[in-house]
1. Out of the stretch 26-48, which residues are in a loop (DSSP other than H, G, I, E, B) and open to solvent by 50 Å² or more (accessible area, probe 1.4 Å)?
2. Looking at P80, P61, which is the one that is more than 19 Å from R160 (Cβ to Cβ) and open to solvent by less than 40 Å² (accessible area, probe 1.4 Å)?
3. Does at least one position in the stretch 53-60 carry a residue that is under 19 Å from F122 (Cα atoms), modelled with pLDDT of 95 or more and among the hydrophobic types (A, V, I, L, M, F, W, C)?
4. Check whether at least one residue in the stretch 102-110 is of a type in the set (D, E) and either open to solvent by less than 60 Å² (accessible area, probe 1.4 Å) or within 14 Å of the chain's Cα centre (by Cα) (or both), and report yes or no.
5. Whether any residue in the stretch 13-25 is touching a Ser or Thr at 6+ places or on another chain (Cβ under 8 Å), exposed (fewer than 11 other Cβ atoms within 10 Å of the Cβ) and over 21 Å from R104 (Cβ atoms) is what I want to check.
Amino acid sequence: MAITINGNGTVTGLTALPDAAMSSGSIIQQVSTNYANLASDSDGTTSTSYSDTGISQTITPSSGSKILVMVEGGAFGYKPSTNEVSFYINVVATPSGGSSTQLREIQVRFTSAGTNGTRRLFDSWTINNMHTHGLDGSTSITYKVQHKLDQAERIWAAYRGASIVLLEIK
């Protein structure tokens, strides 16, 4: 179908601009997922090694683009008989058929003075990262959130829910 600019300014025959017509810095693809509270025992971890939280999103980016990864959540952790609760949350990127690369790691921590007792930490967290993926335009990449204990008995990265947004930038 031919592309026509009508006398009233409307365009027919064009449903979307091709990626090549978009200027550098344009958002050319967006995918996102919102997660409800992930607060069951199986959603948390008691491990000092990273484990998946269930928060993930996959995208197939164009060659030469970058992915702005934006993830946030409401975490909870606890530890009896201590003055400190801390844990780590990170984001990894795994291309289809490839190995994981850690993009960013944060520590969530609470320390108090005073008598020892069970310490509970509810906190919100955010991780943003501009990822230069280097893929060829035909390979998908999955971004996942992981968590692990530092000074805690059990933690949940998405105890009060979470969201992940991927923006492909030309």
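The values are calculated or read from the model by the stated rules, or taken from the named source; none is laboratory data. All figures in this text were calculated on a predicted structure; none of them were measured in a lab. Cβ atoms come from the backbone with ideal geometry, glycine included; neighbour counts cover every protein chain shown. Ligands, DNA and RNA are stripped out before the accessible areas are found, and what is left, the full protein with its side chains, is counted by its heavy atoms. Shrake-Rupley method; radii C 1.70, N 1.55, O 1.52, S 1.80 Å.
1. A36, N37, S40, T46, T48
2. Of the residues listed, the single one that is more than 19 Å from R160 (Cβ to Cβ) and open to solvent by less than 40 Å² (accessible area, probe 1.4 Å) is P61.
3. Yes, the stretch 53-60 contains at least one residue that is under 19 Å from F122 (Cα atoms), modelled with pLDDT of 95 or more and among the hydrophobic types (A, V, I, L, M, F, W, C).
4. Checking the stretch 102-110: at least one residue is of a type in the set (D, E) and either open to solvent by less than 60 Å² (accessible area, probe 1.4 Å) or within 14 Å of the chain's Cα centre (by Cα) (or both).
5. Within the stretch 13-25 (the criterion being touching a Ser or Thr at 6+ places or on another chain (Cβ under 8 Å), exposed (fewer than 11 other Cβ atoms within 10 Å of the Cβ) and over 21 Å from R104 (Cβ atoms)), the answer is yes, since at least one residue qualifies.
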